[in-house]
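Some notes on the structure that comes next.
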Amino acid sequence: LHRLLTTAALGEETLASASSSSDSDTDANGLQSNAGSASGASGTGSGSLKKKKRLSQAEEDVIRLIGQHLNGLGLNQTVDLLMQESGCRLEHPSATKFRNHVMEGEWDKAENDLNELKALMHSPNAIVVRAPDSLLVLKASSGTSVVVIFLRMKFLLLQQKYLEYLEDGKVLEALQVLRGELTPLKYNTDRIHVLSGYLMCSHPEDLKAKAEWEGKGAGSRCRLLDKLQTYLPPSVMLPPRRLQTLLRQAVEMQRDRCLYHNTKLDSSLDSVSLLLDHVCSRDFTCIICTCVCRKQFPCYTQQILTEHCNEVWFCKFSNDGTKLATGSKDTTVIIWQVEPDSHQLKLVRTLEGHAYGVSYLAWSPDDVYLIACGPDDCSELWLWNVQTGELRTKMSQSHEDSLTSVAWNPDGKRFVTGGQRGQFYQCDLEGNLLESWEGVRVQCLWCMSDGRTVLASDTHQRIRGYSFEDLTDRNIVQEDHPIMSFTVSKNGRLALLNVATQGVHLWDLQDRVLVRKYQGVTQGFYTIHSCFGGHNEDFIASGSEDHKVYIWHKRSELPIMELTGHTRTVNCVSWNPCIPSLMASASDDGTVRIWGPAPFLDAQELDGLNGTDMLSNHRTNRKCNNPKS
């Protein structure tokens, strides 16, 4: 009984303390809780407010966020009731007046409101402010920074006033603002010079075009408020559309953590549901999106290309994603056209004449030309005009050369080539030798986007960077086993290596560190080519000696998909750079498989797919008159 009485007494003391706290002059936001401030949206109130429940800071923040969102929807009465019942305040009364006066174009009153807000910039809550159009990080706890913030806000306010006067044809009033109000600020004088030039605009449309300004009205004033709010502490005025920003960040984080997502989310949030967490399951049904992710993930064989008469050693989509080139041991190169709607591939032309099997292909940056390399005993390069099928160049420096790899310079006028017998050349489109590097036994090549650096993997289990301009080189990657092939991401930061007996390794070229080793793939001493792919190059795909295609998310070492269907080693995988849902794989079984989205089947049917079903209508065949062994 004593314990119960003691508890009751403590409860009464707590209630009294809460009541006293709610009647005090300062609320949990550190702002004055005077009458008439229940809702900053309307700026009106109905006497002193008492909280029925003592809310935590987090709870008050949530209520304010909801209130701001409802206010943006025009539900002002609902906001007033929410603020009254919760005892919270959406924003400071001075901020409310400031907002209303800016939206109404009452610039003198807005300037007075800004003077009132200046004192609130000293609030301890005003810690760091970063303006979207400013490179400075300003701290409102510093007196000097408060002055800078105030000047910036006043400048933006007067600039809008000046432009609106000009649009209304009030040139004298605009000139007075320029000379008597903007210039004395001694702030952003370069911009003032630009503003003075707008006095010469004879028509409002001319003014809007030169100033890149949409004109007087709610739109430009809303954008002005968005800028001004950035400089105020959130305890005074919330950042614009804060709830939408938080929701968007949450959705983006869930998407980024999803191992299967292969689509770009709409930043407006219209394409997602906020009622469930984002989940893309292994059958690629995305719960959060109104779309279905399997529409975008290449996990199903939608076409088998059987035009080659022997092992297919290489495949590569063009840079614009409209064509696919495949090279085979049968010495032919086939160009396929990607149908824009169905994403089915149609044979365009066969490039013949190469005396050796085609083990590597490289598209020029503009996709006009294609270079073909052969195996170790091939001393020639073949350069075709893909659009006409004409052989433009057949290059050979010596019959003793071995030219097994090639890479285009970004300018499209030069390329580098080399092989394991020590040849390393830079040539022009006519096959003329421009530069050479002696003694480099090249396994694979890549030209960086700077146009100067060439990456080359060699027989010393490393990748080095070479410059043909000053003949300098440096070590970038060092492995413990032979590097059979490598490719580089679009941004030039990451390199994907197929390492003998080790599998697929991801390296950071800038920091020169091994980032990740991917598991599952069977990699011996065959040359297998892997690739980056998918939306934002979030995925990695590789062939394997166990006849499978493996797909990983870039952040995960374990494969998220193992695609079956090939019956022999998969030599190369190419992900379409423009269509995230399209991928091709080339195999020693003589086929090229085109992987696309799975059809709409239930989970049981989808789990039973092995990459070979429902393909009778998607095969292309030709009779081989002279198949090579």
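Being basic (Lys, Arg) and within 40 Å of the chain's Cα centre (by Cα) is the filter; apply it to region 75-109 and report the residue that is farthest from GLU164 (Cα to Cα).
Here is the first cut: in region 75-109, the residues basic (Lys, Arg) are 89, 97, 99, 109.
Narrowing further to those that are within 40 Å of the chain's Cα centre (by Cα): 89, 97, 99.
Details: ARG89: 33, LYS97: 20, ARG99: 17 Å.
My answer is ARG89.
Does GLN387 meet the test of being of a type in the set (S, T, N, Q), part of a loop (DSSP other than H, G, I, E, B) and within 36 Å of the chain's Cα centre (by Cα)?
On the way: of a type in the set (S, T, N, Q): yes; part of a loop (DSSP other than H, G, I, E, B): yes; within 36 Å of the chain's Cα centre (by Cα): yes.
Yes; evaluated as a whole, the condition is true for this residue.
Each row is one residue, and each column tells you yes or no for (1) surrounded by fewer than 18 Cβ atoms within 10 Å (Cβ to Cβ); (2) at pLDDT 90 or above.
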| site | (1), (2) |
| --- | --- |
| LEU70 | no, yes |
| THR78 | yes, yes |
| LYS109 | yes, yes |
| ASN125 | yes, no |
| ASP133 | yes, no |
| LYS139 | yes, no |
| THR144 | yes, no |
| GLU167 | no, yes |
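Being in a loop (DSSP other than H, G, I, E, B) and in contact (Cβ under 8 Å) with a residue 40 or more places away in the chain is the filter; apply it to region 403-419 and report the residue that is surrounded by the fewest Cβ atoms within 10 Å (Cβ to Cβ). Steps first, please.
Within region 403-419, the subset in a loop (DSSP other than H, G, I, E, B) is 403-404, 409-413, 419.
Checking the rest, the ones that are also in contact (Cβ under 8 Å) with a residue 40 or more places away in the chain come to 404, 409-412, 419.
Working: THR404: 25, ASN409: 19, PRO410: 13, ASP411: 9, GLY412: 14, GLY419: 26.
So the residue we want is ASP411.
Among (1) in contact (Cβ under 8 Å) with a residue 12 or more places away in the chain; (2) over 33 Å from the mean Cα position of the chain (by Cα), where does ASN432 come up short?
Only one criterion in (1) in contact (Cβ under 8 Å) with a residue 12 or more places away in the chain; (2) over 33 Å from the mean Cα position of the chain (by Cα) is unmet by ASN432, namely (1).
Does VAL521 fit the bill of being at pLDDT 95 or above and either under 25 Å from SER587 (Cβ atoms) or among the hydrophobic types (A, V, I, L, M, F, W, C) (or both)? Steps first, please.
Numbers: at pLDDT 95 or above: no; either under 25 Å from SER587 (Cβ atoms) or among the hydrophobic types (A, V, I, L, M, F, W, C) (or both): yes.
So VAL521 does not fit the description; no.
Would you mind telling me which numbered condition in (1) aliphatic (A, V, I, L, M); (2) more than 30 Å from LEU158 (Cβ to Cβ); (3) surrounded by fewer than 21 Cβ atoms within 10 Å (Cβ to Cβ) MET83 fails?
(3)
Cβ-Cβ distance below 7 Å, separation of 6 or more or different chains: which pairs start in region 325-347 with a residue that is closer than 18 Å to VAL573 by Cβ and assigned to a loop (DSSP other than H, G, I, E, B) and end on one that is at pLDDT below 95 and among the β-branched types (Val, Ile, Thr)?
Within 7 Å, the pairs are HIS343/ILE579.
Starting from residues that are surrounded by 14 or more Cβ atoms within 10 Å (Cβ to Cβ) and either touching a Phe, Trp or Tyr at 6+ places or on another chain (Cβ under 6 Å) or basic (Lys, Arg) (or both), keep the ones in region 471-495 and report whichever is farthest from GLN443 (Cα to Cα).
Here the answer is SER489.
Is it true that GLU400 is without any contact (Cβ under 8 Å) to a residue 60 or more places away in the chain and more than 22 Å from GLN426 (Cβ to Cβ)?
Details: without any contact (Cβ under 8 Å) to a residue 60 or more places away in the chain: yes; more than 22 Å from GLN426 (Cβ to Cβ): no.
In short, no.
Is it the case, given these coordinates, that ALA218 is buried (at least 18 other Cβ atoms within 10 Å of the Cβ) and under 30 Å from LEU114 (Cβ atoms)? Spell out the reasoning first.
On the way: buried (at least 18 other Cβ atoms within 10 Å of the Cβ): no; under 30 Å from LEU114 (Cβ atoms): yes.
So ALA218 fails the test.
Is it true that some residue in region 230-241 is assigned to a helix (DSSP H, G or I) and among the basic types (Lys, Arg)?
Within region 230-241, the subset assigned to a helix (DSSP H, G or I) is none.
Taking every residue of region 230-241 in turn, none turns out to be assigned to a helix (DSSP H, G or I) and among the basic types (Lys, Arg).
Can you tell me which residue in region 444-453 is farthest from the chain's Cα centre (by Cα), limited to those that are part of a strand (DSSP E or B) and surrounded by fewer than 23 Cβ atoms within 10 Å (Cβ to Cβ)? Break it down stepwise before answering.
First pass over region 444-453, keeping only residues part of a strand (DSSP E or B): 444-447, 453.
Next cut, surrounded by fewer than 23 Cβ atoms within 10 Å (Cβ to Cβ) only: 446, 453.
Details: TRP446: 23, THR453: 25 Å.
This residue is THR453.
Please give the number of the condition ALA362 fails out of (1) of a type outside the set (Ser, Thr, Tyr); (2) touching a residue at least 12 places away in the same chain (Cβ under 8 Å); (3) surrounded by fewer than 20 Cβ atoms within 10 Å (Cβ to Cβ).
Unmet for ALA362, out of (1) of a type outside the set (Ser, Thr, Tyr); (2) touching a residue at least 12 places away in the same chain (Cβ under 8 Å); (3) surrounded by fewer than 20 Cβ atoms within 10 Å (Cβ to Cβ): (3).
The values are calculated or read from the model by the stated rules, or taken from the named source; none is laboratory data. From a predicted model like this one, the values you see are computed outputs, not experimental measurements. Cβ sites come from the backbone with ideal geometry, for glycine too, and all protein chains shown count toward neighbours.
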